[in-house]
Amino acid sequence: MKPNLLSFLFFYCILLLISNNTNFCFAQTTNSSYQIFDKNSRKKWTIEKRQSELNNALKFAKKVKDTEYIIKSYRLKNALFKATKEYDSANYYSYKLLDFGTQIKDSLTIIRAYKYLADNYNTMDSVNLAIDFYDKGYTLSTKLNQVPDQLRALQYTAMLQRKIGLSFEAEETLSKAIALIDEQSKKEDYTVNLIGIYVELGILYKERQAYEQALVYYKNGFDLVENKGYKSTFLNNIGNLYLDMQDYDNALENFNASLDIAEQLKDSLKIARVMCNIGVVKYHLNDRTSVQDIEKSLEIREKMNYLLGMYSSYYKLAKAYQHFNQTNKAKQNANEALKIATNLKIGEEQLETLKLLIDLGNTSHINSYLHLRDSLEQIESSSKHKYMSLKYNYQKEHEIAKENELKYLANKIELQEQHARKIMSRWGLVIGVIIAILVFLLIQNHHKRKFLAQIYDTEKRIAKQVHDEVANDIYHTMNKIQSHTIDEETALSDLDKIYQKTRDISKSNNDIDIDDHFSETLEELIVSYKKEGILLITTGISNIKWERCNKEKLIVLYRVIQELMTNMSKHSKASRVRVSFHQKGHKIAIDYMDNGIGTDFSKKSGLKNMENRISTVGGSIKFESNNNEGFKASLIL
């Protein structure tokens with residue numbers, strides 16, 4: 001027995017040694033193959049060495065079916081090719097990542113692949129493909145409740161929509177992002193996103209030349225920013241807004257504040273940018289030291305070899321010299337600007353520089369200017385057309401999917417009903433018909449009484465409005481005239497105010513255009529309540545099938561929304577209002593929400609009027625509110 005035991009122990013030790021050695025060798029192979037993923041190691045390698053090591057890592061990961069490192073390899077491949085601006089190759093591995101994520105059913109990897117593809121196509125100026133992949137990423141991240149990915153996709157989509165001139169679509173996309181942040185319990189986690197959204201809204205309104213509204217968003221962003229560098233950038237942007245508004249004193253004040261921070265941070269890029277802008281303000285104020293400021297910015301940018309910044313300095317120098325009637329120097333700097341713009345292939349900048357040279361008397365550039373302008377307009381028009389086609393096809397696919405789902409449900413219900421009808425007796429059908437007729441007559445009679453009561457309430461309300469708002473004002477004005485305590489100009493002003501009140505009462509009770517353009521009529525009504533200090537968001541109104549609704553329902557809906565918006569304008573003190581429309585089968589759902597002071601339901605007979613109106617056409621409305629906690633209304637029609 002003893003020799004057998006010794007033999008067993010001997011062979012066991014040999015096997016253990018072999019096993020440990022094998023594991024050691026595998027670990028050594030693994031560590032060696034995956035060395036590319038160590039940042040410190042790959043920093044020392046050339047691009048060629050990195051690609052070679054990554055190829056080996058990917059090959060090894062596939063061999064041992066290491067899912068984690070297959071994903072890491074595809075991701076790093078995308079990053080390395082992006083770094084060398086080989087975007088086709090970067091996309092190749094991003095598609096590989098997408099296929100692999102789909103194969104292993106890893107939704108987070110699929111979202112990441114969509115993001116890489118969208119970013120790559122964005123950099124390549126393939127706007128339509130970029131928007132398509134951002135939209136796919138948004139849709140999937142919404143299903144998984146990945147809020148950061150949702151917000152990122154919405155922000156980049158809005159930037160691209162703005163880029164191709166779809167300004168209002170971009171605003172709607174950003175409004176959706178703000179609404180998403182509002183829904184989160186920890187809004188402070190998304191401060192950076194909110195700052196980015198405010199910046200983009202500021203740019204949108206600036207491009208529409210709605211400078212006051214743009215200023216509101218830039219200031220909102222500035223208030224949220226803590227980083228000094230970002231504060232300097234916001235101050236510079238605000239200065240540019242005032243510059244566009246020709247408010248040169250405020251522009252200079254903000255540029256100087258931005259420059260102070262940039263100099264504290266010793267940020268040469270920011271210093272050059274702000275100095276250049278200060279020079280622009282100064283030449284508008286006829287201060288000849290403006291040229292020195294712009295030349296200093298050019299000197300800094302030349303040292304940094306920052307070509308786009310150099311273009312800006314040369315162009316603004318040319319504009320300054322043009323302002324001071326030094327045409328030769330203006331031409332000289334404009335030509336330098338044109339060289340850089342041509343070299344960088346930046347079409348808009350080439351176009352503005354060619355126009356400046358023509359204004360300076362250099363007519364030889366006219367043909368180049370016209371050719372370039374036509375080319376840029378054609379490119380912009382093509383991008384808009386392609387994106388609108390993409391958007392239309394996407395919406396069409398969703399509509400078809402919904403219709404198929406409804407058809408499936410309808411067929412299922414039909415089969416159930418057929419089965420139920422077989423069980424029903426003939427007498428049961430007769431009784432059912434009789435009951436249905438009686439119920440219909442009762443409901444019709446009830447609605448008729450409610451409708452008459454509503455007419456009476458409306459007449460009483462109009463009479464009270466005329467008495468309280470018009471008659472009293474007329475009486476006071478007449479007294480002033482009879483007692484000679486009012487001059488002609490003031491009397492005319494008072495009469496104009498009375499006229500305005502009369503017109504408002506008339507407008508709130510006149511006929512409504514519901515024939516073919518109810519969507520536009522309703523949108524015009526809501527937009528008419530938009531004023532400074534109120535962010536008014538409307539979503540989904542164009543997706544509703546209004547043609548399915550009869551005239552009575554549309555009139556009631558219009559009046560209820562009119563009353564909601566009027567109450568908001570007069571009483572709520574709200575700064576943010578959202579009205580959302582949803583098609584739910586054959587019904588329409590409208591959600592109204594504001595962040596105002598709320599209401600006391602016990603004192604609001606107007607809310608009861610709305611309930612009465614809606615009930616006359618078979619709809620319902622619910623209200624939610626607490627003092628100083630906003631107001632909500634949910635309407636089903």
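The values are calculated or read from the model by the stated rules, or taken from the named source; none is laboratory data. Note that the structure is a prediction, hence the values are computed from the model and not measured. Here Cβ is always computed from backbone atoms with ideal geometry, including for glycine, and neighbour counts include all displayed protein chains. With ligands, DNA and RNA removed, areas are computed over all heavy atoms of the protein, side chains included. Shrake-Rupley method; radii C 1.70, N 1.55, O 1.52, S 1.80 Å.
Take Ile526 and decide whether it is at pLDDT 80 or above, surrounded by 13 or more Cβ atoms within 10 Å (Cβ to Cβ) and hydrophobic (A, V, I, L, M, F, W, C). Spelling it out, Ile526 is indeed at pLDDT 80 or above, surrounded by 13 or more Cβ atoms within 10 Å (Cβ to Cβ) and hydrophobic (A, V, I, L, M, F, W, C). Taking (1) in a helix (DSSP H, G or I); (2) farther than 18 Å from Leu356 by Cβ; (3) not aromatic (Phe, Trp, Tyr) in turn, Val280 satisfies each apart from (2). For region 563-580, a residue qualifies if it is open to solvent by 10 Å² or more (accessible area, probe 1.4 Å) and at pLDDT 90 or above, and the qualifying residues are Arg576, Arg578, Ser580. Looking only at region 346-356, decide whether some residue is on the phi > 0 side of the Ramachandran plot and without any contact (Cβ under 8 Å) to a residue 24 or more places away in the chain. Within region 346-356, none of the residues are on the phi > 0 side of the Ramachandran plot and without any contact (Cβ under 8 Å) to a residue 24 or more places away in the chain.
Scanning region 10-67 for residues that are surrounded by fewer than 10 Cβ atoms within 10 Å (Cβ to Cβ), modelled with pLDDT of 85 or more and of a type in the set (Lys, Arg) turns up Lys63, Lys65. Criterion first (touching a residue at least 24 places away in the same chain (Cβ under 8 Å), closer than 28 Å to Ile181 by Cα and either surrounded by fewer than 20 Cβ atoms within 10 Å (Cβ to Cβ) or touching an Asp or Glu at 6+ places or on another chain (Cβ under 8 Å) (or both)) does His586 satisfy it? No.
Can you work out which of the residues in region 576-628 that are in a helix (DSSP H, G or I) and among the β-branched types (Val, Ile, Thr) is nearest to Ile544 (Cα to Cα)?
Here is the first cut: in region 576-628, the ones in a helix (DSSP H, G or I) are 601-603, 605-616.
Keeping just the survivors that are among the β-branched types (Val, Ile, Thr) gives 614, 616.
Values: Ile614: 18, Thr616: 21 Å.
Applying the filter and picking the extreme gives Ile614.
On inspection, Asn335 passes the criterion of being closer than 22 Å to Asp293 by Cα, at pLDDT 90 or above and open to solvent by less than 80 Å² (accessible area, probe 1.4 Å).
For region 195-213, name all the residues that are open to solvent by 20 Å² or more (accessible area, probe 1.4 Å) and without any contact (Cβ under 8 Å) to a residue 40 or more places away in the chain. Spell out how you get there, then give the answer.
Residues of region 195-213 open to solvent by 20 Å² or more (accessible area, probe 1.4 Å): 195-196, 198-199, 203, 206-213.
Answer for region 195-213, where residues must be open to solvent by 20 Å² or more (accessible area, probe 1.4 Å) and without any contact (Cβ under 8 Å) to a residue 40 or more places away in the chain: Ile195, Tyr198, Val199, Lys206, Gln209, Ala210, Tyr211.
Taken over region 118-152, the criterion of being open to solvent by 30 Å² or more (accessible area, probe 1.4 Å), in contact (Cβ under 8 Å) with a residue 40 or more places away in the chain and within 20 Å of Lys85 (Cβ to Cβ) is satisfied by Thr123 alone. For Gly221, state whether it is within 23 Å of Tyr321 (Cα to Cα) and buried (at least 22 other Cβ atoms within 10 Å of the Cβ). For Gly221, the condition - within 23 Å of Tyr321 (Cα to Cα) and buried (at least 22 other Cβ atoms within 10 Å of the Cβ) - is not met.
Among the residues that make up region 277-285, is at least one of them farther than 21 Å from Ile300 by Cα, of a type outside the set (Phe, Trp, Tyr) and either touching a Cys at 6+ places or on another chain (Cβ under 7 Å) or open to solvent by 40 Å² or more (accessible area, probe 1.4 Å) (or both)?
Yes, there is a match, as at least one residue in region 277-285 is farther than 21 Å from Ile300 by Cα, of a type outside the set (Phe, Trp, Tyr) and either touching a Cys at 6+ places or on another chain (Cβ under 7 Å) or open to solvent by 40 Å² or more (accessible area, probe 1.4 Å) (or both).
Taking the criterion of being free of Cβ contacts under 8 Å to residues at least 40 places away in the same chain and surrounded by 19 or more Cβ atoms within 10 Å (Cβ to Cβ), the only residue of region 547-562 that qualifies is Ile561. A single member of Gln155, Gln184 is open to solvent by 10 Å² or more (accessible area, probe 1.4 Å) and in contact with a helix residue (DSSP H, G or I) (Cβ under 6 Å, 6 or more places away or on another chain), and it is Gln155. Restricting attention to region 531-542, the residues being touching a strand residue (DSSP E or B) at 6+ places or on another chain (Cβ under 6 Å) and open to solvent by 30 Å² or more (accessible area, probe 1.4 Å) number 2.
Counting only residues that are at positive phi and touching a helix residue (DSSP H, G or I) at 6+ places or on another chain (Cβ under 6 Å), region 110-129 holds 0 of them. Here Val192 passes the criteria (1) free of Cβ contacts under 8 Å to residues at least 24 places away in the same chain; (2) among the β-branched types (Val, Ile, Thr); (3) in contact with a helix residue (DSSP H, G or I) (Cβ under 7 Å, 6 or more places away or on another chain) except the one numbered (3). Selection over region 315-332 of residues that are part of a helix (DSSP H, G or I) and either in contact with a His (Cβ under 6 Å, 6 or more places away or on another chain) or open to solvent by less than 30 Å² (accessible area, probe 1.4 Å) (or both) gives a count of 5.
When Glu469, Glu547 are checked against the criterion of being at pLDDT 80 or above, part of a helix (DSSP H, G or I) and over 23 Å from Glu171 (Cα atoms), Glu547 stands alone in meeting it. Restricting the first member to region 525-542 and to residues that are within 18 Å of His571 (Cβ to Cβ) and touching a residue at least 40 places away in the same chain (Cβ under 8 Å), and the second to residues that are open to solvent by 20 Å² or more (accessible area, probe 1.4 Å) and in a helix (DSSP H, G or I), the beta-carbon pairs closer than 6 Å and six or more apart or on different chains are Tyr529/Ser569.
Only one of these is closer than 30 Å to Glu299 by Cα and either surrounded by fewer than 17 Cβ atoms within 10 Å (Cβ to Cβ) or of a type in the set (A, V, I, L, M) (or both): Ile261, Ile178. Name it. Quick ask: steps written out before the conclusion?
Working: Ile178 fails: closer than 30 Å to Glu299 by Cα.
When all the criteria are applied, what remains is Ile261.
Asp189: within 19 Å of Leu151 (Cα to Cα) and open to solvent by 50 Å² or more (accessible area, probe 1.4 Å), yes or no? The answer is yes for Asp189.
Screening region 49-69 for residues that are assigned to a helix (DSSP H, G or I) and over 41 Å from the mean Cα position of the chain (by Cα) and picking the one that is nearest to Ile104 (Cα to Cα) gives Lys63.
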